[in-house]
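Notes to accompany the following structure.
Readers should treat all values here as calculations from the given coordinates under stated rules, not as data from a laboratory. What you see is a predicted model, and the numbers here were worked out from it, not measured in a lab. Neighbour counts run over all protein chains shown; Cβ positions are idealised from the backbone, glycine included.
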Amino acid sequence: MTKRQVGRLVMCLLILMTSLSSAWATPDDTPDNDGPSLEETVAFIKDTWDACATMHSGLQLMVAKDGSRWHMDRMAKVDVIIMSPSSLKIVTRLNERRKLSGIFALQSPSEIIQEFDLSALSPSVSPDREGENIFGVRLRCARGACVTEWLASLAIPGKPMHELKTGKVAVTSLEELVYEDRAPKDKPGEKKGEVYIPVCDMATLESLSKAFNHAIIKAGGKKPLF
């Protein structure tokens with residue numbers, strides 16, 4: 001065997017060994033960033049809000065942009081319905097009672113239904129904190145107006161609406177409220193570019209923000225181009 005043939009044989013052996021080492025590499029050789037499946041993550045999101053139950057912020061001091069000082073008491077209840085592996089319906093019963101420096105109060109109990117597909121959202125999820133005990137998660141669309149939203153006013157049976165709206169009648173339980181006119185499902189929804197959903201505490205807010213980010217990426221959501 002000539003020196004040239006030996007050299008070629010050695011070169012072939014080196015290439016073969018390199019190819020085999022790449023083929024034999026196990027998945028553990030690269031970091032696994034997949035995390036939980038989309039179904040597991042969406043179920044976690046639903047279970048987390050189910051555990052929140054009815055949220056009650058208590059009286060919070062809020063300073064408006066014009067410098068006026070409001071005291072706000074928020075009650076909220078969020079129900080999550082899984083429509084498909086990547087589609088959610090969020091039903092939020094909400095009442096915010098605002099008092100301006102103790103002079104007068106305003107409140108407008110409502111039920112909001114939001115339907116959206118995670119694949120149409122941006123993974124840039126924003127955890128919001130408005131006051132000491134007022135938290136919410138904010139989701140934005142990646143492709144235009146991708147959220148369908150219905151809104152209905154709520155009332156207390158037998159109580160005048162003006163007394164309810166001026167805060168003379170205080171809402172003590174979201175379960176006592178009924179639709180003022182008709183249910184949101186009977187109204188035409190409108191397209192929105194953003195979803196805001198109340199959350200019960202800071203720890204849950206951080207957890208849900210990470211879960212939504214992961215679920216949106218898993219579903220194929222992308223950041224807006226501009």
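Summary table below
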item: Highest-first arrangement of 165-178, 35-48, where packing means the average Cβ count within 10 Å; result: 35-48, 165-178
item: Residues TRP49, TRP150 arranged by fewest to most Cβ contacts within 10 Å; result: TRP150, TRP49
item: In Hz, Karplus ³J(HN,Hα) per residue of segment 166-172 (6.51, -1.76, 1.60; θ = phi - 60°; x = Gly, Pro); result: 7, x, 5, 9, 8, 7, 9
item: Segments 196-203, 64-71 sorted - mean Cβ within 10 Å per residue, highest first; result: 196-203, 64-71
